[in-house]
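Student: Following this message is one structure expressed as structure tokens.
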Amino acid sequence: MIKDKLKKCFDFCEKKYNIMMYLSFFIIFMYIYNIGFKEYIYRNQLVIIFNFIAAGILLLCCNFNYIKNNWKRRNGQKQFLIFIIIAFLFVLLRNGDIANHHYGAPFYTLYSLFLIFTLSNSNKWYNIFKNVILIFTFEHIFATVFCYCFPKVYLNNILPLFPKDAHLMLIGQFNAGEIAGITQHYSTNALYLVIGFIVNIFNFEFDKKDSKKIIHYIFLAINFFALLLTGKRVQVFFSLIAILIVIIIRNLNNLKKFLKKFLIVCTALGVSIVVCSLIVPSVLTPFKRTIDGLSKGDLFDSRKPLYNLAINEFESKPIFGQGWGNYKYIYSEKVQIKEMDLMDTHNIYLQVLCELGIIGFIFFIYVFIFLLISSIKDLINENQKLGKKHNKNLTIISTFLTMHIYFLMEGFFGNPLYDVMIYMPYACLLANYMQIRLGKGSEL
């Protein structure tokens, strides 16, 4: 009886796949992209978790038949699940957030692992995910440009909506030309914008009509303009470097022609930024901050105490580390002069080493390197297929590889493995790439 009801539920969700998946992704990313306003949107943490669980049930019901069919058919499926379970245990066991009764962070991390496994069984959801990301990216593009154009409205009406302990920091960022928009930190705003930029950068390949391509280019230009307004260096430069690397890989067979186009594009982009800066000087903020940091030689001086603490804590427990999520509590206890009460290392490699020791570090580095090498190989192979230069797989692999390269680079100076704003969309892109890889019967 129960089995029949479940089958009807799965069949119904699969029949209404698009509607259910839109609902699921909207519930998930409504929170992710509006964390700064969660007190106004959600009554408490339990409501948030309930929403995520409801979205997860919908996702599972929509994709259950795909999971069932793939379990026996695809090589590497069980091995893939084992990797997911190992990562799950690394996060769950000895978790510092759970020990300190902060359940949100571990829940979202484990939820991302659930997304990776569930969504890797189908690619029907990808355009839905992309459209939802597009909607919320536009929300923050508009907010960023609006806050820049109307500073009095921002300072008098938007900024006071956030907690009082964030006001001085936000005012300081705004006065420095760093636009936080409708977030509690300009870094958060930049993350939202860079994810949208990367997710949509290769979408023009499916636009057959020139009018749609023009709209796509305009959106990307406005997206990048808003990203420049945030003043964040890492998001601006690393996203461009990641995109450039992927485009180079895709043009390995015709590098001379590519270099000519590249020089033209770089010149046009440089001229556009300079011309734009005559009207909107803040677009130069990321460049000025980088030049100032290099000239003073203090580009990452503020991070050295964080790095030293991670190294010292690793040395005290080198094999298994302090436990996932414990670093920020050690920081709060041992660091006298703090930028914030709780801070991550701003280097995921040192933080993983500190929290999981050599054992966990080897596991995660293996996964990162495997994904990098395999996606590069798959991109090259897909690109060499005659007559399919712009097929769907090529775009999906290109998008994931761009995000993965960006993720790894930001990992040296940021917290992408610990910031839900980036690792949740990253998990979806990884799932879509794994759907292609496992679909080919590839071993991990």
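Student: Which of the numbered conditions does Arg94 fail, given that it passes all the others? Conditions: (1) part of a loop (DSSP other than H, G, I, E, B); (2) in contact with a Ser or Thr (Cβ under 8 Å, 6 or more places away or on another chain); (3) surrounded by 16 or more Cβ atoms within 10 Å (Cβ to Cβ).
Tutor: (2)
Student: Let me spell it out: the conditions are (1) in a helix (DSSP H, G or I); (2) open to solvent by less than 60 Å² (accessible area, probe 1.4 Å), and Gly325 meets all of them except one. Which number is the exception?
Tutor: Checking Gly325 against (1) in a helix (DSSP H, G or I); (2) open to solvent by less than 60 Å² (accessible area, probe 1.4 Å), the one that fails is (1).
Student: Which residue is surrounded by the most Cβ atoms within 10 Å (Cβ to Cβ), if the candidates are limited to the range 392-406 and must be touching a residue at least 60 places away in the same chain (Cβ under 8 Å) and of a type in the set (A, V, I, L, M, F, W, C)?
Tutor: Here the residue is Met403.
Student: Looking at the range 191-212, which of its residues are of a type outside the set (S, T, N, Q), under 19 Å from Ile128 (Cα atoms) and at pLDDT below 85?
Tutor: Listed by number, the residues that qualify are Phe204, Glu205, Phe206, Asp207, Lys212.
Student: Still on this model: How many residues are free of Cβ contacts under 8 Å to residues at least 60 places away in the same chain and aromatic (Phe, Trp, Tyr) when one looks only at the range 96-110?
Tutor: The total comes to 2.
Student: Among the residues of the range 364-417, which ones are assigned to a helix (DSSP H, G or I) and among the charged types (D, E, K, R)?
Tutor: From the range 364-417, those assigned to a helix (DSSP H, G or I) are 364-383, 392-410; that's our starting set.
Correct list: Lys377, Asp378, Glu382, Lys392, Glu410.
Student: Also, I was wondering about something else. Against the definition (open to solvent by 20 Å² or more (accessible area, probe 1.4 Å), part of a helix (DSSP H, G or I) and in contact with a helix residue (DSSP H, G or I) (Cβ under 7 Å, 6 or more places away or on another chain)), how does Leu356 come out, yes or no?
Tutor: Spelling it out, it is not the case that Leu356 is open to solvent by 20 Å² or more (accessible area, probe 1.4 Å), part of a helix (DSSP H, G or I) and in contact with a helix residue (DSSP H, G or I) (Cβ under 7 Å, 6 or more places away or on another chain).
Student: Considering each of Ile67, Ile84 in turn, give the residue that is touching a residue at least 40 places away in the same chain (Cβ under 8 Å) and touching a Phe, Trp or Tyr at 6+ places or on another chain (Cβ under 9 Å). Outline the logic, then answer.
Tutor: Values: Ile84 fails: touching a residue at least 40 places away in the same chain (Cβ under 8 Å).
Ile67 is the lone residue from the list that is touching a residue at least 40 places away in the same chain (Cβ under 8 Å) and touching a Phe, Trp or Tyr at 6+ places or on another chain (Cβ under 9 Å).
Results for (1) in contact with a helix residue (DSSP H, G or I) (Cβ under 9 Å, 6 or more places away or on another chain); (2) free of Cβ contacts under 8 Å to residues at least 12 places away in the same chain; (3) under 30 Å from Asp419 (Cα atoms), shown as yes or no for each residue.
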{"residue": "Ile222", "(1), (2), (3)": "yes, no, yes"}
{"residue": "Leu229", "(1), (2), (3)": "yes, no, yes"}
{"residue": "Arg233", "(1), (2), (3)": "yes, no, yes"}
{"residue": "Leu255", "(1), (2), (3)": "yes, yes, no"}
{"residue": "Phe258", "(1), (2), (3)": "yes, yes, no"}
{"residue": "Ile264", "(1), (2), (3)": "no, yes, no"}
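Student: Across the range 309-322, which residue is surrounded by the fewest Cβ atoms within 10 Å (Cβ to Cβ) among those that are part of a helix (DSSP H, G or I) and not acidic (Asp, Glu)?
Tutor: The qualifying residue surrounded by the fewest Cβ atoms within 10 Å (Cβ to Cβ) is Ser316.
Student: Taking the range 178-199 on its own, how many of its residues are farther than 14 Å from Phe138 by Cβ, open to solvent by less than 10 Å² (accessible area, probe 1.4 Å) and part of a loop (DSSP other than H, G, I, E, B)?
Tutor: Step one: filter the range 178-199 for residues farther than 14 Å from Phe138 by Cβ, giving 178-180, 183-188, 190-191, 194, 198.
Okay, now just the ones that are also open to solvent by less than 10 Å² (accessible area, probe 1.4 Å), so 179-180, 183, 190-191, 194, 198.
In the following step, the residues that additionally are part of a loop (DSSP other than H, G, I, E, B) were identified as 179-180, 183.
Here the count works out to 3.
Student: Which condition from (1) assigned to a helix (DSSP H, G or I); (2) surrounded by 13 or more Cβ atoms within 10 Å (Cβ to Cβ) is the one that His102 breaks?
Tutor: (1) is the only condition that His102 fails.
Student: Residues that are among the hydrophobic types (A, V, I, L, M, F, W, C), open to solvent by 70 Å² or more (accessible area, probe 1.4 Å), assigned to a helix (DSSP H, G or I) and over 30 Å from Arg74 (Cα atoms): does the range 150-159 have at least one?
Tutor: no
Student: Okay, moving on. If you scan the range 330-352, which residues turn out to be part of a helix (DSSP H, G or I), touching a Gly at 6+ places or on another chain (Cβ under 7 Å) and either buried (at least 21 other Cβ atoms within 10 Å of the Cβ) or at pLDDT below 95 (or both)? Let's see the steps before the verdict.
Tutor: Residues of the range 330-352 that are part of a helix (DSSP H, G or I), as a first pass: 330-334, 348-352.
From what is left, the residues that are touching a Gly at 6+ places or on another chain (Cβ under 7 Å) are 348-349, 352.
Result: Ile348, Val352.
Student: Looking at the range 230-289, which of its residues are in a helix (DSSP H, G or I) and small (Gly, Ala, Ser)? Please lay out each step first, then the result.
Tutor: Step one: of the range 230-289, the residues in a helix (DSSP H, G or I) are 230, 233-250, 252-279, 281-289.
Selection gives Ser239, Ala242, Ala268, Gly270, Ser272, Ser277, Ser282.
Student: Which residues, taken from the range 160-176, are outside any helix (DSSP H, G or I) and either over 18 Å from Leu342 (Cα atoms) or hydrophobic (A, V, I, L, M, F, W, C) (or both)?
Tutor: Phe162, Ala176
Student: Report the residue count in the range 13-41 for those that are in a loop (DSSP other than H, G, I, E, B) and open to solvent by less than 40 Å² (accessible area, probe 1.4 Å).
Tutor: Residues that pass the stated criteria total 2.
Student: Quick one: in the range 147-177, of everything that is under 28 Å from Ser277 (Cβ atoms) and at pLDDT below 90, which residue is farthest from the chain's Cα centre (by Cα)?
Tutor: Result: Ala176.
Student: Is it the case, given these coordinates, that Asn121 is surrounded by fewer than 20 Cβ atoms within 10 Å (Cβ to Cβ) and more than 30 Å from Leu353 (Cβ to Cβ)?
Tutor: Spelling it out, it is not the case that Asn121 is surrounded by fewer than 20 Cβ atoms within 10 Å (Cβ to Cβ) and more than 30 Å from Leu353 (Cβ to Cβ).
The values are calculated or read from the model by the stated rules, or taken from the named source; none is laboratory data. Given the structure is predicted, the values throughout are model-derived calculations rather than measurements. Counting neighbours? That spans all protein chains shown, and the Cβs are built from the backbone with ideal geometry, glycine included. All accessible areas refer to the heavy atoms of the entire protein, side chains included, with ligands and DNA or RNA removed. Shrake-Rupley method; radii C 1.70, N 1.55, O 1.52, S 1.80 Å.
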